[in-house]
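A short worksheet on the structure shown next.
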Amino acid sequence: LEGGPSGGKSRGTARSSRRKHIKSWCTGTAPLTKMWESPPLASLLTTLDDADSPVGKRMRATYFLKQQYDNYTRNARVEGDERGAERPEDVSQIVIDALAKSLANCRHGSLLRHEFAYVMGQLRDERAASILEKTLMDEDDNAMVRHECAEALGAIGSTSSIAVLEKGGKS
């Protein structure tokens with residue numbers, strides 16, 4: 001270990017460097033960096049299609065899909081109509097469809113299916129309401145999954161879901 005734990009710097013210099021680094025983050029002058037890159041959309045969709053892949057991998061894919069949805073919708077708002085018509089695919093619809101398909105697939109298990117519903121609620125996109133309503137109304141489905149569907153519908157806040165929520169609340 002040449003130079004010791006501080007990489008050859010004196011202890012005072014290393015401490016000063018750390019302080020500057022922390023101060024730059026606290027004052028907002030640090031450069032923006034990505035914590036991690038999202039895998040390609042196709043890879044995430046393949047992972048969710050495979051109910052036999054490890055639960056942790058499918059869980060991460062679910063949240064990476066949410067990240068892709070958020071990035072897409074945020075960029076669409078910023079760019080306005082400039083690129084909207086040129087986009088080859090609507091990533092937000094692809095994400096909703098993938099989560100809906102996964103929610104409907106009981107092979108994923110109740111824990112993961114409830115996470116799919118949770119993420120759909122976080123998206124707050126009315127296009128997710130139909131699968132959430134359908135799952136909520138299935139009295140044979142797992143109570144935890146149905147409960148999360150109700151929570152997600154509440155988060156979405158569509159007035160068209162009120163009757164389903166009232167009926168689902170009684171069952």
Between residue 63 and residue 49, the two model label points (7 Å from Cα along the beta-carbon direction) sit apart by a distance in nm of 2.5
In Å², rounded to a whole number, the accessible area per residue of the range 119-171 with probe 1.4 Å is 54
Residues other than residue 156 with Cβ under 13 Å of its Cβ, Lys/Arg counted +1 and Asp/Glu -1, net out at -3
Links exceeding 22 Å between C-alpha atoms in this model, out of 134/170; 134/167; 101/167; 57/134, come to 101/167; 57/134
For the range 140-146, Karplus-derived ³J(HN,Hα) couplings (6.51, -1.76, 1.60; θ = phi - 60°; whole Hz; x for glycine and proline) come out as 7, 7, 4, 4, 5, 5, 4
For residue 130, the net charge from surrounding residues (Cβ-Cβ under 14 Å; K, R +1; D, E -1) works out to -2
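In terms of solvent-accessible area of protein heavy atoms at a 1.4 angstrom probe, what is the ranking of 114, 147, highest value first? Could the numbers behind the result be given before it?
Values: 114 30, 147 105 Å².
So the residues, ranked largest to smallest area, are 147, 114.
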A chain fully extended from residue 139 to residue 155 at 0.36 nm per residue, minus the present Cα-Cα distance, gains in nm 3.6 nm
In the range 40-171 the accessible area split gives carbon plus sulfur, as whole percent at 1.4 Å, a share of 50
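The values are calculated or read from the model by the stated rules, or taken from the named source; none is laboratory data. Since the model is a prediction, treat every value here as computed from it, not as a measurement. FYI the Cβ positions are ideal-geometry reconstructions off the backbone, even for glycines, and counts take in every protein chain you see. Side chains included, ligands, DNA and RNA excluded: accessible areas come from the protein's heavy atoms. Shrake-Rupley method; radii C 1.70, N 1.55, O 1.52, S 1.80 Å.
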